[in-house]
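Engineer: Please find one structure pasted underneath; my questions will follow.
FYI, it's all coordinate maths here, none of it is from the lab. Predicted model, so just to flag it, every value in this text is computed and none were measured. Using ideal geometry, Cβ is built from the backbone for each residue, glycine included, and neighbour counts are taken over all protein chains shown.
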Amino acid sequence: MKTNPLLQIIKYAVLALFTFVFGYPIFLMIVSSFKENAEIFTNPLSLPTSFNLDNYIEVWEVVNFSNYIVNSLIVSSSAVFIVLFVSSLAGYYLSRYRFKWNPYLLGFFMIGLMLPMKLAVIPLYMTMLKLGLVDTLFALIFIYVAGGIPFAVFLFYGFFRTVPRALEDSARLDGCNDFQVYYRIVLPIMKPAISIVGIVNLINVWNDFFYPLIFIRTDSLSTIPLGMLTLFGEYDTQWNLLFAGLTLSSLPMIIAFLFASRQFMDSLTEGAVK
Amino acid sequence: MTKIKRKNRYKKHLVHLFILPAALLYGVFQLYPLISAALNSFYSFNGFERVDFIGFQNFITLFTEKPYKDFFLNAFSHNWIYFFVTVITQLIISLILALIIHSKIKGKEFFKSMFFLPKLLSVIVIGFLFSLILNPTRGALNTLLEAIGLEAFTRPWLGDMSTALLSVIFVDSWASIGFSMLIFLAGLQAIDKEIFEAARIDGANSFTVLFRITIPMIGPALMIMTVLTFIGSFETFEYVFAMQGSSGGPYYSTDVLTTFFYRLAFGTVDGGQAIGLGSAVAVVLFIIIGMATSIILFVFKRKDFER
Amino acid sequence: MKEKLLLGMFFILFSGVAAGCGNGDSSGNSNEDAVELEMYSWRTEDRSAYEEIIAAFEEENPDIKIKFNPFEATEYNTILTNALVSGTGPDIVQLRPYTGARTIADNGYLVALDDIEGIDNIDESYLEAAQGSDGNTYGIPLSLNIGLIYYNIDIFNEYGLEPPETWDDFIEVSQELKKNGVTPLSVGGREAWLLSMLHGVITPTAYGGNDFVSDVTEGKADLTDPRMMESLDRMEELTEYIADGFLALDDADSQALFYTEEAAMYVNGDFQLEVLENSNPDLSIGVIPGFKEEGSDDPLVMNWVDGSYGVVEGTEHEEEALKFMEFMASPEFGQLFTDNLSRVSAVEGVTASHDTVKQIMEASEANSTPYLMLVEYGLGSPSTKGIFEDGLQGMYLGEITKEELLEQSQENAERAAEEGVEELEMIEED
């Protein structure tokens, strides 16, 4: 197959341009985190005059980062796990069993897809309160699970409908019951769907600041984004510290991504095909 | 056969456990609060407590009384601008990038990762970062423009009526392009390679292939992404809030329905709350987005029939 | 087997989650005998200073512990509302001045403080900032805020300039600075509230100060008054001397322009003094507390009462919380507050050791005028103050004329007043 050399040049030029557009702000954030405050203000584009970790050490001392990271880990891993677990079961149920209420159930989940949950934050708060969950990580986990369910159920439902029943039927003939069919046959083939739901939810949950702001009161229960907001409040004009904080808060996700970017991308693209 | 069926029926009640946890969690923590919030729009409030059932009065106030009707129309029009601009800055660009990466090119993985990177950052981080980049006096963008001799294009980006909303949308797109690019890539990879081969054998050039085969084949993905963008543009809140505050400044030029809702329902630093009116805005938003979602469902159904 | 295992896991997971729920409750009875009070505030930047003050209180009252819990100022109202409606959480809360405190008090969420010891240490007029519609006092005002122009003494000396005493002086000085390539004034216009503040600091001598305010309270004048128009003329004239693109700058940016000595003057409340001093310790900061009216020797200083602290109705530890209120009304607290935060305490008889704070305090005692927008126009959703300051942005951007700005603000003020009346009637019906 021949390729037009001019076209190739244009393609690489476009890619280079966008690499700059996407990479430069992040580069700037990291570089600025090593500067002194006045330097950021007077020479926003220059490289730092010296590389040292003073800003990081200072931020680490004033902000309870290790705590925030643990909280973020607890909240996002449990929320993602529960979403995957309950939604795949629900999606399977809706696509494989023909109960007369299934269409209504599907509609019931659809409502959540179309409505932004932020608009319901006041009643949500009251609900959490009745359950005694305000200012606990459980409040966040439940909210993220509930918020993730509609999309996940919808995706799993669509996914199961494209998977032929033949496999399951033959397993049934071999004497497997419903749970065994689900566990042995269905789960293994739905890896792509699990990845896409898992990744989308993980990114959303990890980076959310709105719900922690409303539901978390105790500093030791803060997640990373909420901790960042507190930092903004206390160090209003100390951009060097803020940049160090921003970089620190973004680091866990970026590192995870760099290690697994290939699998990450592949599962996302594979998952979406189905 | 019959034996297996009987066995299945015996276990059948257990099957409902499949749906129960999802329905319960979602019902209690999402649907119930949403319905309750919607019902608030039919009440008058004294501060933050329901007082009287007043029917549609809040909606009437919202659409007929100053300053609410002006705020509403202003915000509503911004949501539309948000949608149209996002289609260009996010959808079209991500489609072009997906097409380039899908073609014969070196370093696919690098570019994919690079373009996806911003999606990993929190809105808090992005908002703050870009507030500084777009700063008029020492922001990186204006400094850069000056450095390459384009002083004429420097602007107080976030403080100008004509550029503030666009800047926010660009920042939103900056963060989201990588994700929609991957969705398009998925669609492209799903196209059977043999179709391209057949076309080439017939002597079609790359432009013909692009417009006659590739674009029509990912049509459904494009359609769905467009509707999702519509929903996203009407639900948009975080970027406006993080960069321009809850009043959508300067002078409401970045105000959208959700920030308008936020001001009414939660009040401002020195303004009171109007939960009933805020909930009315929310209900209108529910209706707009509900209609758009029905379109998605319709598209999905049609896609199913095509298979 | 597998099936049972799976089911078992399923139940363990959910029962585990449910059982875990009860443990994390925030009311947190500690094992010690001491009562712990939770205190909400929006002053995240003052955390360490507050903790010192609280330590002084705890030393005197070893059986009471106070947990200072500050939140982002922009989210504070939401958080406070949620906490109050739910009836759990804090024992002591910081209240927004005037209408903010009144709304919460009128909804019955606060304990009246009229009888606590030491309340007469605080000027009657300051207490008004924390009173309900019933005239009872529900909060102990903490500090007096004063709007000022900060100026860079070194820059002024360099060009042989005196700090301006009147509006005309100010223009002269600004022209001189501009001629020398120095930005005269830096204002973070992206944050609209700073424009209200700017209006309050720069224009009282244009709208006639306290005469106009009393005309407004008596209903003899409204916002469409020609005197208001004069104040807007002044705001407009100011444009030339403010940093370029100031509507794109937030407060942090505009502070930075001032403490990096690019701008010679900066307008904000006295509460930013400490921040400025910390940001650049080498900066020599002077203050212009206001302009002089014709025939007056003292500048007219805009002051207002900042947030106050109140006790939440129905708290389990009302007695202990009231004890802390008494402490807050005491001269001892006022002194600690002034010393630790470089602020002007609302408690009488406190002397400032910081020279600049002392200067501000004396100027404010000599001749003051209220923050017109906050005190008279804080009512409504949206508040008239909000409409006015957002409208100022509109005016600077050329979107609306000065006439339109005043008309819209007045319209909103009338609507807000009606809104308020309805609310009161409804309370009576209950």
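Engineer: Under 37 °C and 0.692 mPa s, how fast does chain C diffuse according to Stokes-Einstein, given a Kirkwood radius computed over C-alpha pairs? Answer in µm²/s, whole number.
Structural biologist: Values: Rh = 23.5 Å.
In µm²/s, the coefficient is 139.
Engineer: Just to be sure I understand the curve: with the Debye formula and one point per C-alpha of chain A, what is log10 I(q)/I(0) at q = 0.07, 0.14 Å⁻¹?
Structural biologist: Reported log10 I(q)/I(0), two decimals: -0.38, -1.10.
Engineer: Order these peptides, A:218-229, C:244-255, A:61-72, by their mean beta-carbon neighbour count within 10 angstrom, highest first. Before the final figure, lay out each step's value.
Structural biologist: Values: A:218-229: 21.7, C:244-255: 23.4, A:61-72: 17.2.
By packing density, highest mean first, the sequence is C:244-255, A:218-229, A:61-72.
Engineer: Moving on. Quick check on my link table: of C:67/C:358; A:130/C:323; A:11/B:108; A:11/B:104; B:106/B:193; B:66/C:385, which ones sit more than 21 Å apart, alpha carbon to alpha carbon?
Structural biologist: In this structure, C:67/C:358; A:130/C:323 exceed 21 Å between Cα atoms.
Engineer: Follow-up question, since we're still on this one. Just order B:280-286, B:162-168 by mean Cβ neighbour count inside 10 Å, highest at the front, would you? If you can, show how the numbers build up before the last one.
Structural biologist: Working: B:280-286: 23.0, B:162-168: 21.0.
The peptides rank, most packed first, as B:280-286, B:162-168.
Engineer: Right, another one. Sorted by packing (mean other beta-carbon atoms within 10 Å per residue), highest first, where do A:114-120, B:146-152, C:152-158, C:40-46 land?
Structural biologist: On the way: A:114-120: 23.0, B:146-152: 9.4, C:152-158: 16.3, C:40-46: 20.9.
Top of the packing list down: A:114-120, C:40-46, C:152-158, B:146-152.
Engineer: Partner chain Cβ atoms within 10 Å, averaged over the residues of A:16-22 - can you pull that number for me? Walk me through the numbers before you get to the answer.
Structural biologist: Values: counts 1, 0, 10, 6, 1, 7, 12.
Across the residues of A:16-22, the mean count of other-chain Cβ atoms within 10 Å is 5.
Engineer: Could you work out which residue, out of C:173, C:312, C:93, moves most in a Gaussian network model of chain C, that is, has the largest mean-square fluctuation with Cα springs under 10 Å?
Structural biologist: C:173
Engineer: If I model region B:59-306 as equal point scatterers sitting on the Cα atoms and use the Debye formula, what is log10 I(q)/I(0) at q = 0.14, 0.15 Å⁻¹?
Structural biologist: The Cα Debye sum returns log10 ratios of -1.03, -1.12.
Engineer: In deg cm²/dmol and to the nearest 500, what is the mean residue ellipticity at 222 nm of the protein assembly as shown if only DSSP H runs of at least 4 residues count, each as -39500 (n - 2.57), divided by the residue total?
Structural biologist: Working: 46 runs with 608 residues, N = 1011.
Helix contribution divided over all residues of the protein assembly as shown: -19000 deg cm²/dmol.
Engineer: What does the structure give for A:34-47 when I average, per residue, the other chain Cβ atoms found within 10 Å of the residue Cβ?
Structural biologist: Working: counts 0, 0, 0, 4, 5, 0, 3, 10, 3, 2, 11, 6, 1, 0.
Taking the mean over all residues of the peptide, I get 3.
Engineer: Taking every pair of alpha-carbon atoms in the protein assembly as shown, give the share separated by more than 43 Å as a whole percent. Kindly include the intermediate steps, with their values, before the conclusion.
Structural biologist: Working: 200279 of 510555 pairs.
Roughly 39 percent, once rounded to a whole number.
Engineer: So what are the radius of gyration and Dmax for the Cα set of region A:120-228, in Å?
Structural biologist: In order Rg, Dmax, the Cα atoms of region A:120-228 give 18.8, 56 Å.
Engineer: Continuing with the same structure: Per residue of B:104-111, count partner chain C-beta atoms within 10 Å of its C-beta, then hand back the mean as an integer. Could the numbers behind the result be given before it?
Structural biologist: Numbers: counts 4, 5, 3, 3, 2, 4, 3, 6.
Average per residue, whole number: 4.
Engineer: Another question about this same structure. Membrane-span-like helices in chain B: DSSP H runs reaching 30 Å or more (Cα, own axis), mean Kyte hydropathy at least 1.0?
Structural biologist: Values: long enough: B:164-190 (39 Å, 1.72); B:275-306 (46 Å, 1.59).
Membrane-span-like by this criterion, though nothing is claimed about a membrane: B:164-190, B:275-306.
Engineer: Something else: For a bin width of 5 Å, list the pair-distance distribution of region C:236-365 built from all Cα-Cα distances, rounded to whole %.
Structural biologist: Once binned at 5 Å, the Cα pair distances of region C:236-365 give 2, 9, 15, 16, 16, 15, 11, 8, 5, 3, 1, 0.
Engineer: Let me ask something additional. Explain nothing, just the number: relative contact order of chain B, from Cα pairs under 8 Å at least 6 residues apart, as a whole percent. Before the final figure, lay out the partial values.
Structural biologist: Numbers: 327 pairs, mean separation 76.3, N = 307.
Once divided by the residue count of chain B, the mean separation gives 25 percent.
Engineer: For the Cα atoms of chain C, what angle does the longest principal axis make with the long axis of helix C:402-429, in degrees from 0 to 90, nearest 10?
Structural biologist: 30 degrees
Engineer: Who wins for biggest fluctuation among B:83, B:59, B:196 in a Gaussian network model of chain B, springs between alpha carbons below 10 Å?
Structural biologist: Taking springs between Cα atoms under 10 Å, the residue moving most is B:196.
Engineer: If you look at just the Cα atoms of region B:157-240, how large are its Rg and its Dmax in Å?
Structural biologist: For region B:157-240, the Cα-based Rg and Dmax read 17.7, 56 Å.
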